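Read through the structure below, which is laid out as structure tokens, and then see the notes.
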Amino acid sequence: MTVKIYYTTVTASREVKSQQAEVMRILESKSIQFELIDISQDSSLREEMRAKAGNPTAVPPLMFNGDQYCGDYKMFAEAVEDDAVEKFLKLA
């Protein structure tokens, strides 16, 4: 399975930009390979992300393992604190 991160390159939110950068930095530091899916390129990708997450108002970054929803930034940050990123991403 591939870890997928739904993110956006077009946002006015400094918080979203910061969260996305932190997710990528942490995954890279742990040598976890991931695929980036930019929802700003096509609105159907945003709808796909929200449908897979089961949340019609979800905002990036959201993490998936294949099509299996892992969680949002808040859940990811908690996994980092607990040193459980691989478990969070369903890699362990």
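The values are calculated or read from the model by the stated rules, or taken from the named source; none is laboratory data. Values in this document were obtained by computation on a predicted structure and should not be read as measured data. In this analysis, Cβ positions are derived from the backbone assuming ideal geometry, glycine residues included, and neighbour counts consider all displayed protein chains. The protein model used for the area step is the full one, side chains on, heavy atoms only, and it has no ligands, DNA or RNA in it. Shrake-Rupley method; radii C 1.70, N 1.55, O 1.52, S 1.80 Å.
Could you list, in sequence order, the residues of region 43-56 that are polar (S, T, N, Q) and surrounded by 11 or more Cβ atoms within 10 Å (Cβ to Cβ)?
Here is the first cut: in region 43-56, the residues polar (S, T, N, Q) are 43-44, 55.
Listed by number, the list holds a single entry, Asn55.
How many residues are in a strand (DSSP E or B) and either open to solvent by 20 Å² or more (accessible area, probe 1.4 Å) or at pLDDT below 95 (or both) if we restrict to region 1-36?
Pass one, region 1-36, residues in a strand (DSSP E or B): 3-7, 34-36.
Right, trim to either open to solvent by 20 Å² or more (accessible area, probe 1.4 Å) or at pLDDT below 95 (or both) and you get 4, 7, 34-36.
So the count comes out to 5.
May I ask you to list the residues in region 59-74 that are among the charged types (D, E, K, R), at pLDDT 95 or above and not in a strand (DSSP E or B)? Don't jump to the end; show me each part of the working.
Taking region 59-74 first, the residues among the charged types (D, E, K, R) are 67, 72, 74.
From what's left, at pLDDT 95 or above: 72, 74.
Listed by number, the list holds a single entry, Lys74.
Name the residue that is farthest from Thr2 (Cα to Cα), counting only residues in region 68-92 that are under 12 Å from the mean Cα position of the chain (by Cα) and among the charged types (D, E, K, R).
Lys74
Residues that are open to solvent by less than 40 Å² (accessible area, probe 1.4 Å) and polar (S, T, N, Q): does region 57-69 have at least one? Steps first, answer last, please.
Residues of region 57-69 that are open to solvent by less than 40 Å² (accessible area, probe 1.4 Å), as a first pass: 58, 60-66.
So of that shortlist, the ones also polar (S, T, N, Q) come out as 65.
Looking through region 57-69, at least one residue is open to solvent by less than 40 Å² (accessible area, probe 1.4 Å) and polar (S, T, N, Q).
Given the structure, is Ser40 among the hydroxyl-bearing types (Ser, Thr, Tyr), open to solvent by 40 Å² or more (accessible area, probe 1.4 Å), out of contact with any strand residue (DSSP E or B) (no Cβ under 6 Å at 6 or more places or on another chain) and without any contact (Cβ under 8 Å) to a residue 12 or more places away in the chain?
Values: among the hydroxyl-bearing types (Ser, Thr, Tyr): yes; open to solvent by 40 Å² or more (accessible area, probe 1.4 Å): yes; out of contact with any strand residue (DSSP E or B) (no Cβ under 6 Å at 6 or more places or on another chain): yes; without any contact (Cβ under 8 Å) to a residue 12 or more places away in the chain: no.
Taking the combined requirement at face value, the residue does not satisfy it.
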